[in-house]
Every structure is written in structure tokens, then in C-alpha cells.
Amino acid sequence: MAPAGEDGPHPAVVPPAGPATPPKAEADSHQAGHARGTGRAARYAVLLTALLTVTAPSSDRGPLTALPSHHGTHGRSTSKAVHAIRVTSGDLLPEAVPTVGDDLQVLHPVARGDTLIVTVTLTHAGSGAVTVTDTAGNTYRPAGHIMDSGRRLLLFALLGAKPLDTLDQITVRWPRATHAYTTVDAFRGITAAGPWGAAESATAHGTGTDTVSSGDLPLCTAGDLLFTAVSSPHKPAFQFAAPWQPLTEPEFPSPPLATAYRSVTSADQHCASHGTAPVPWQSITLRLH
């Protein structure tokens, strides 16, 4: 997390798979450029950066078709970008058992050219590097990070994915943490990602619920798809405000991590996540285009 008062340009664009980033704390790549301040109930950082448009490889398996989803029917939208499927999730343990990573079995195939967003939340974790790899050789790039008092929330993005099937695994490694939870979602029609904005509750301790807003992102236009993640160690579960579409976990009715997406259908819409969450909370919103 950036020191208070730092400000400056920050490259938050996520290009397609390329050379791996050297093994160092992913937080280093996001230290500069966070504009921190206080709001009604949050300190937020919004990274102002130009968006580089990149083209994802086309599939050699023919036209992309919609994957079945257990999240229900998607509403009509003018956006070409859509949520395809919850690929996998895991490592929600009932007790505080220290872990250093998770091997996630792919539950739903990923088509060539899809975009994957990996979300990780950690409690009582060190500040070392968090990495994501898979058995198909894809490269996952940091796409958002916030850390405070040993609590970390991170996003990783993969554009133009090599195909994955149910024999593949996605491996996430982190510094020793007492609690961890991960999710992986596939999106279709995405050519670029970034910028991202982060926010957290004004206090690291407390009770009750709090209004959450990540703050508006720049460059949000009709046709974009916004992805947001909110983590909190306490119940009740985070509640997203319409038109956000929550990505629920039926097997975990109240996980420490909630994710959602929404399509941007007009240029005058605000590019922010809204809802309520128990204190303390952390939030990241990422623009997908």
C-alpha cells in the first residue's frame, strides 16, 4: 500500500500473456500513483492512467460460444463484454490454519482468448509476493492490490488465455497467511484491462456495517464491463447495489470475499462499486474493455 500523499502516473494496463514478471512483491508495482484521502467512510485510491487497447488471440476452436453458468441468466446489455463462468474457487478453511497457497482444479473449461480474473484475499499475511500460474503456461499479471494490517486483497488478470480444461490446475502462492480465499472468473469479449481503483474502510477495527464505494474510475465508457471485489473478515455478507450482478458461492453462503460485475451501457454512468459491508472492508474495482 502506497504511503500517504504519494501521487503520480501508474501503469495499470494489463496486456495479453507475455514474459513473467520477476519474483518480487507485486505490491512494488503499485506503490506509486495512489492518491489516498478520506471520504465519508473510506480512504480510496484511484489510479489515473491511459488505457492501452490490445487484441486477444482468436480461437482455433471456432467461434466462441457461451459457457453454461450456475449464476443465472445474464440481462440484456449493449456491452460486448460478458461474464462467462466461475471457473473455480477454494481454500476457505473453517479454522485459522496457516497456508502458503492453493492448487485450484479447473471446474469449467476456458476457451482460447478468454480473460481470467483471479481474486485473492488473505488475513494475517506477510508482504511478500503473491503469484498465479497454471498448467497451460498462461501468465497472470497483477491488476489491483491493497494491504493494511496484514489483510490483503489482490486481483490478477490474464488476457488472451490459452485454453484450459478440467485436467488443468491454477496455482496461487502467497506468504504464510492464517486465512485465504480465492476465486477465478472467465469473461468473454475483453481486449484490455485497467485502470483499477482501491478503497478500504476508515478503520481497521469496528462493528456494524458500512457504505462501500470504490470511487469513480477514469475512462469508463459504454461497452465496458466493471469487475469489483470486496473482502471483510466479518459477517454479514457484502450486499451489492443494482445494477451490479453478484457472483455468488452456493457452497459458502457467507465467504470473506464477494465479487460482482456490471456492464456500462451509457457514458454518463458512474464507474464505481456501491453497497454495504461489515467493517473492516477492502475493495478493488477493475475496468475491463
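Counting only strands (runs of 3 or more DSSP E) wholly contained in the stretch 217-289, the ones carrying 2 or more residues that are touching a residue at least 60 places away in the same chain (Cβ under 8 Å) and over 25 Å from ARG188 (Cα atoms) occupy 274-278. With respect to the conditions (1) modelled with pLDDT of 95 or more; (2) crowded, with 17+ Cβ neighbours inside 10 Å, GLN105 lacks only one, and its number is (2). Would you please name the residue that is farthest from the chain's Cα centre (by Cα), looking only at residues in the stretch 146-171 that are crowded, with 24+ Cβ neighbours inside 10 Å and β-branched (Val, Ile, Thr)? Among those that are crowded, with 24+ Cβ neighbours inside 10 Å and β-branched (Val, Ile, Thr), it is ILE170. Considering the stretch 160-216, the residues that are closer than 17 Å to ALA260 by Cβ and outside any strand (DSSP E or B) include one that is modelled with the highest pLDDT, namely ILE190.
Screening ALA143 on (1) buried (at least 23 other Cβ atoms within 10 Å of the Cβ); (2) modelled with pLDDT under 95 shows it passes everything except condition (2). Going by what's in this entry, would THR123 be described as modelled with pLDDT of 95 or more and either over 21 Å from PRO195 (Cβ atoms) or among the polar types (S, T, N, Q) (or both)? Considered against the rule, which asks whether it is modelled with pLDDT of 95 or more and either over 21 Å from PRO195 (Cβ atoms) or among the polar types (S, T, N, Q) (or both), THR123 comes out as no. Among the residues of the stretch 84-96, is any surrounded by fewer than 19 Cβ atoms within 10 Å (Cβ to Cβ) and under 15 Å from the mean Cα position of the chain (by Cα)? Looking through the stretch 84-96, none of the residues is surrounded by fewer than 19 Cβ atoms within 10 Å (Cβ to Cβ) and under 15 Å from the mean Cα position of the chain (by Cα).
For the stretch 113-134, the count of residues that are under 15 Å from THR259 (Cβ atoms), acidic (Asp, Glu) and under 19 Å from the mean Cα position of the chain (by Cα) is zero.
The values are calculated or read from the model by the stated rules, or taken from the named source; none is laboratory data. Keep in mind that what you see is a predicted model, and the values were worked out from it rather than measured. Ideal geometry is used to build each Cβ from the backbone, glycine not excepted, and the neighbour counts take in all protein chains shown.
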